1. At q = 0.22 Å⁻¹, what is the base-10 log of I(q)/I(0) for the range 378-472 according to the Debye formula with one equal point scatterer per Cα and no solvent? Please give it to two decimals.
2. For the range 414-468, just run the numbers: alpha carbon Rg, then divide by 2.2 N^0.38 Å, N being how many residues it has.
3. 5 Å is the cut-off here: which amide hydrogens, built 1.01 Å from N in the peptide plane, fall below it relative to S405, excluding neighbours closer than 5 in sequence?
4. Hey, can you grab everything whose amide H is under 5 Å from the amide H of G157? Only 5+ residues off in sequence or another chain; H modelled, so Pro and N-termini drop out.
5. Between the range 195-238 and the range 29-105, how far is it from one alpha carbon centroid to the other, in angstrom?
6. Any chance you could run the full-extension gain for T360 through D238? It's 0.36 nm times the residue separation minus the Cα-Cα distance, nm to one decimal.
7. At a Förster distance of 41 Å, what's the computed FRET efficiency of D40 paired with Q428, Cβ-Cβ distance as r, to 0.05?
8. In nm, to one decimal, how far is the modelled label at A72 from the one at D409, with both set 7 Å along Cα→Cβ?
Amino acid sequence: MTADVPDGAPPRTPGSPAQEPDRMHAISPETKATVDEVLDYARRRAVWEDIPLDKPLTPRDLSRLAAGSITAAGIGARRATSLFENVLAPACVTTDHPGYLSFIPSAPTKAAIAFDLVVSASSIYGGSWMEGSGAVFAENEVLHWLAAEFGLPAGAGGVFMQGGTIGNLSALVTARDAARRRNREAGRPDPARWAVVCSAEAHSSITSAAAVMDVDVVAAPPGDDGRLHGGAVARALDENAEAVFAVVATGGTTNFGIVDDIASIAAETKAREVWLHIDGAYGLAAMLVPRMRPAFAGVELADSLIVDPHKWLFAPFDACALIYRDPAGAKLAHTQKAEYLDTLTETADWNPSDLGIQLTRRARGLPLWFSLATHGTDLYRAAIDHGITLAQQIADEITARAGLSLVRDPQLSVVVFRREGWTPADYQRWSDGLLEDQVAFVVPSSHRGETVLRFAIISPLTTYDRLVDILDTLA
Ligand SMILES: *Cc1c(COP(=O)(O)O)cnc(C)c1O
């Protein structure tokens, strides 16, 4: 035993250097310097004007440039920060760049980005009221505001989940649980297979949720307008009467921004007492713009819905607002029972972990709460309106240009168009060049087998001029 080990302490592993176990946690000049180092970088990044778009590197390049950071003694905060800033971060595409127009971009407000750091610094457990009441209260303020905007009744409530995929899955699990309970109460047997009805154009996460739940997907055909209507849903319900536990309507498809005919779908689900879920991960935010509200008629009849703040509500990754018309059913479906949790689950407290598939939970709604509280809801409506208006303007420009044509008129902030005469390889070369030149990130998409281009507009910093410059490169 060496001289510096007090009597009774376990002997150190031979050969390991002397380490004080509290060195990483104690408040010391060293830990303060580490916090400063990281916050300085976070500040530079958060307020960086003209931030580069950046681009992926190959595994080989990253191995050469960045391997070997995990060592027994540590490389220190300065070197680790520098490695991230100079090598790793530039190998990540900047999703909030105004030229990032693929998939669904992100565009967190500066207030939301900054507050995300506070959430990290505060070590809040967001799963239970007992531990996180202040945070849960603030999140609920946001959820109740959203629920009212969507026309849901006063008792509606929910939880911020990781993303739309998990939000959809959690809602569908609640819906199936409700159907099982109804069968039990009526003395009816459950069907051999459960099924969920959605549009053939629904997001892939519905299929994924169905696979996890081991239920069937009945894909109802959308009309010529791309929207799912009540008639198609009625036929799907009649053909699968006992099996269907939920219908999913999409409030803004990811590919085109198409909003299903929710009112006519809701009429069919209400008539048959089938659960109606609205997948509004991307598009439901548009309901905050008053002139868009008629397109979403029927949302107020939903049993559950989701909208992703990390998409069009300007929050950082990752957050999905999952809202139930009556959260009591979600609690029955999702509350985890365990002896060590009894003190939490045997109260009437509002515990967010009871409403979806999760237990431990980051208070991931707080960045949106802070930004909304800071700026007020009017600015949010204006920022969302920007995307809708800009999509219409650039669609008009595309229509006016020889060689370009719209695949369909934009309904929300997604514009899909083609460059006449180009092969898939032409599109890919053009897209690669645009990223290589750090102009924009526009990956080719496809529609019914045809390669097409797609602008998804989220950021209020994306301008008409920037989009016109991109169109110019298609000449
Ligand atoms: C993005 C999206 C999802 C999935 O959400 P994630 O947050 O990526 O898991 C589901 N549905 C629609 C309509 C979407 O646009």
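Read-outs throughout are calculated quantities, based only on the coordinates presented, and are distinct from any laboratory measurement. Being a predicted model, the structure only gives us computed values, none of them experimental. With ideal geometry, Cβ positions are generated from the backbone for all residues, glycine too; neighbour counts draw on all protein chains shown.
1. Relative scattering, expressed as log10 I(q)/I(0), comes to -1.19.
2. On the way: Rg = 11.7 Å, N = 55, 2.2 N^0.38 = 10.1 Å.
Compactness ratio reported: 1.16.
3. Residues meeting the amide H criterion: R418, E420.
4. Under 5 Å from the amide H of G157 lie the amide H atoms of Y324, each far enough along the sequence or on another chain.
5. 41
6. Working: separation 122, 0.36 × 122 = 43.92 nm, distance 4.06 nm.
The T360-D238 span can extend by a further 39.9 nm.
7. Values: r = 39 Å, r/R0 = 0.96.
Between D40 and Q428 the formula returns 0.55.
8. About 7.0 nm, to one decimal.
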